Amino acid sequence: MSSALLLVLEAAWAGGSHEPGVRREGPVQAQDSLPEGPGLAAKYRGDASLAGDPAVLLFYDYEAPDSWRKGWEGGLKYYDHVTDPAHVFQGRGALQARLKKGTTGGGDHLRLRAPETCLFQRYYVKADRGFDFIMKSHGFGGVGPGLPDWYAQGKAGIKPTGTDKLYGIIFFSPKDVRPSLYYYHPGQKGGYGDHAYGRTPLPVETWTCLEIMLKVNEVGQNNGEIACWMDGRLTVRVKDLAWRTTPELGINLVLDHVYNSVPHDQLLWFDNRVVARRYIGPMARSSQEKAAEQTGRTK
Ligand SMILES: [Ca+2]
């Protein structure tokens, strides 16, 4: 990350009706601040009809048993559809990821119809008790014209050229499982991608809203970015990235998690996954619904 500016943010905002109060480390200009708290989803209580918003490209509530596999290369075989209310965030269905001891897998992707320049992806995740595994979660990729889809994920250890690929994904850090960012760009130090670590561990046995943004640079400028939010709080932001040297390289892949050598059986649940051209933010809920969830957390 030789030329990129990494900003790790410690958010004081705790949700609800409070205005964001963010202590920033580094020279952040007010005019280029990223949104926090409520976003696009605030207009659609319970995410109802959010799928129809013009800014939304993909929406998954996992209510149907198997339609969520459609279009995904690899078939998302490590997921089961579950309806146990204990593991559903919203509605009647969610996905359960099975990470079996000693297994390696994942790395699925969905191809977008046309390259995009800035996308957001929000989802809810819940880790089982004892979850301690380092793994990648959800993110974005891009491959240049004529290159196969798998090139973005399948060329690990090779630095991008600015015309061939880009890659950015949320991953859970070693030891305390902090949602963090892992990304490949031409300015990275070595063959493998750069890391930018969040500070807040992923809580277990409770739902957390994660969101990632990837914005490509304008060709000839280093104004690309990647950022991560937890429950509407901006937790990691990397600026000044030059992802590409040609306008033909954009974001054309939505990525699903990859994992290697699982140390012991682990489970994760996912619900309400959205890809949009605008900041999405947490799901809008009534005060009663929030109170019910808070009660559940303290049990
Ligand atoms: Ca659901």
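The values are calculated or read from the model by the stated rules, or taken from the named source; none is laboratory data. As the structure is a computational prediction, the values presented were derived from the model and not from experiment. All Cβ positions, glycine included, derive from the backbone under ideal geometry; neighbour counts span all protein chains shown.
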(message) Among the residues of the stretch 137-184, what is the count of those that are part of a strand (DSSP E or B) and touching a Pro at 6+ places or on another chain (Cβ under 9 Å)?
(response) 9
(request) Only residues in the stretch 264-280 that are acidic (Asp, Glu) count as the first member; pair them with residues that are assigned to a loop (DSSP other than H, G, I, E, B) and surrounded by fewer than 17 Cβ atoms within 10 Å (Cβ to Cβ), Cβ under 7 angstrom, at least 6 apart or cross-chain, and list the lot. (result) ASP265/LYS100; ASP265/LYS101
(request) For residues that are on the phi > 0 side of the Ramachandran plot and either modelled with pLDDT of 95 or more or crowded, with 16+ Cβ neighbours inside 10 Å (or both), scanning just the stretch 75-97, find the one that is nearest to the ligand (Cβ to nearest atom). (result) GLY91
(request) Filter the stretch 38-63 down to residues that are within 18 Å of VAL88 (Cα to Cα) and away from the ligand (no atom under 14 Å from the Cβ), then give me how many there are. (result) 1
(request) Considering only the stretch 54-63, state which residues are surrounded by 12 or more Cβ atoms within 10 Å (Cβ to Cβ) and part of a loop (DSSP other than H, G, I, E, B). (result) ALA55, ASP61, TYR62, GLU63
(message) List pairs: first residue in the stretch 64-84 and over 17 Å from HIS257 (Cβ atoms), second residue basic (Lys, Arg) anywhere in the structure, Cβ distance under 7 angstrom, at least six positions apart or on different chains.
(response) THR83/ARG92
(request) Report yes if some residue within the stretch 195-206 is aromatic (Phe, Trp, Tyr), out of contact with any helix residue (DSSP H, G or I) (no Cβ under 7 Å at 6 or more places or on another chain) and surrounded by fewer than 21 Cβ atoms within 10 Å (Cβ to Cβ); otherwise report no. (result) yes
(request) Kindly indicate whether any position in the stretch 265-275 is outside any strand (DSSP E or B), away from the ligand (no atom under 16 Å from the Cβ) and either crowded, with 20+ Cβ neighbours inside 10 Å or over 14 Å from the mean Cα position of the chain (by Cα) (or both). (result) yes
